[in-house]
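Before any comments, here is the structure.
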Amino acid sequence: MSLSRRHFFRNLGLGSAGLLSTSFVIGRGHEAMAFELGAVQAPDDGGFIRISSNENARGPGRKTMDALRNSLSPRVGRGYPPDNTADLVATIADLYGVGHDHVIVGTGSGAILEAGTRAFCSADKPLVTAAPTYGTPDQAARRIGAPVKMIRVDRSMGLDLDAMADAAKGAGMIFFCNPNNPTGTVHNAAAVEKFVRRVKQSSPETRILIDEAYIDYTHDPGVKTAAPLAKELPGVFVTRSFSKAHGMAGLRLGYSIGQPATLQAISRAWSLGSINTLTAAAGVASLRDAKHIDDERAENARVRDFTLEAFKTMGFEAPDCHTNCIFVDLKRPAKQFRDACAALKVSVGRDFPPFENTHSRITLGSMDEMKQAVQVFKRVLTASSTGAVGR
Ligand SMILES: Cc1ncc(COP(=O)(O)O)c(C=O)c1O
């Protein structure tokens, strides 16, 4: 057990015996144990377990790390354009079977969300988005004075596609986060296609942004990328991020697939940043390492099942999740839970209206982190249910 982990449990006043028992070790597959035993060094967050921002505690795969190291040479002195950036676009285009002009890259997919909203929404062209969902399009629309129609998720916490399609008439753009952050819900390929064709029919000028930042984590085989729809239909575009399953949030990389006219309008509206040579090399390596993404999905699922089960045992439920976060009904304000956890050095997600008085979003960290975090959750939830301060 690592020193920091021992200290963490000592600070918490909990014994650590048995947490990594022989039967536990034997019960895990090779990949899981590689993650578990710290073959990948965990990030140092100053003693905090940071499970608040849906980052990836494990970082990139080994081949991607090798690509980064191999790219460190005097060649980084050449930067106009940086090495590897053309290769990155070509690799993405090949992956989806589209031309290079159907791909744009940005320093994170967030830049593309901002640009897309600025390109297609305005004072008389509202944004249609969900409540709750990822916030960048909503914030970008407000920054440019575009009205925002927020459609509350349905009773199962999934996006209410009928209501969103109804609200789309005359709108500038719909933001469709699939899987959805923070609720973790997902729509399968048939549902996405039905929705997109319905909107294209009823409001042909409305652009449709399908954000697939978390799609690598889904365990529903019926879920597929909407990139073929983006290739076929004008005004439909898909965004993908390297910050989640690829474990590269700090390298800042995302991309979009769509028809050239749609992507050109997005690029003109707002700077998508400038990809550096190391990030581009890492992106190419990570896209070519499908095995690592499979392993990452499996490990995330293992951590998800452990964490959901721990909450269930404590009497709290969350929807089935297809992301690297869970949205748990803790029946108390998120702020109250967040502050109590922060006092014990675990940081969890922000408020997500309209569920800020009941639900908290918890990112799935490494298994080691979640075992520690669950001890804190137990302490906080037990203390607050008995009226004691969760400290
Ligand atoms: C749904 C969703 N889309 C996009 C992003 C932006 O990711 P990035 O800019 O790091 O690619 C995030 C980040 O958390 C997200 O949750």
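The values are calculated or read from the model by the stated rules, or taken from the named source; none is laboratory data. Every value quoted in this text rests on a predicted model; they were computed, and no experiment measured them. Cβ atoms come from the backbone with ideal geometry, glycine included; neighbour counts cover every protein chain shown. Accessible surface is based on the protein model in full, side chains and every heavy atom, while ligands, DNA and RNA are left aside. Shrake-Rupley method; radii C 1.70, N 1.55, O 1.52, S 1.80 Å.
Output yes when any residue across the stretch 168-175 is open to solvent by 30 Å² or more (accessible area, probe 1.4 Å) and within 23 Å of Ala227 (Cβ to Cβ), and no when none is.
No, that holds for no residue.
For the stretch 242-268, which residues satisfy the criterion of being open to solvent by less than 40 Å² (accessible area, probe 1.4 Å), more than 13 Å from the ligand (Cβ to nearest atom) and farther than 20 Å from Ala86 by Cβ?
Of everything in the stretch 242-268, those that are open to solvent by less than 40 Å² (accessible area, probe 1.4 Å), more than 13 Å from the ligand (Cβ to nearest atom) and farther than 20 Å from Ala86 by Cβ turn out to be Thr262, Ala265.
Go through the stretch 213-239 and report how many residues are within 16 Å of the chain's Cα centre (by Cα) and closer than 20 Å to Gly172 by Cα.
So the answer is 2.
Could we say that Arg297 is open to solvent by 10 Å² or more (accessible area, probe 1.4 Å) and within 22 Å of Asp220 (Cα to Cα) here?
yes
Inside the stretch 190-200, can you point out the residues that are crowded, with 17+ Cβ neighbours inside 10 Å and closer than 20 Å to His219 by Cβ?
Val192
Check whether at least one residue in the stretch 305-327 is free of Cβ contacts under 8 Å to residues at least 12 places away in the same chain, acidic (Asp, Glu) and either farther than 28 Å from Ile112 by Cα or in the same structural domain as Gln372 (by TED's automatic domain parsing) (or both), and report yes or no.
Checking the stretch 305-327: at least one residue is free of Cβ contacts under 8 Å to residues at least 12 places away in the same chain, acidic (Asp, Glu) and either farther than 28 Å from Ile112 by Cα or in the same structural domain as Gln372 (by TED's automatic domain parsing) (or both).
Any idea which residue in the stretch 50-78 is nearest to the ligand (Cβ to nearest atom), counting only those that are out of contact with any Ser or Thr (no Cβ under 7 Å at 6 or more places or on another chain) and open to solvent by less than 50 Å² (accessible area, probe 1.4 Å)?
Asn56
Do we have any residue at all in the stretch 346-357 that's over 22 Å from the mean Cα position of the chain (by Cα), within 30 Å of Lys149 (Cα to Cα) and either buried (at least 16 other Cβ atoms within 10 Å of the Cβ) or at pLDDT 95 or above (or both)?
yes
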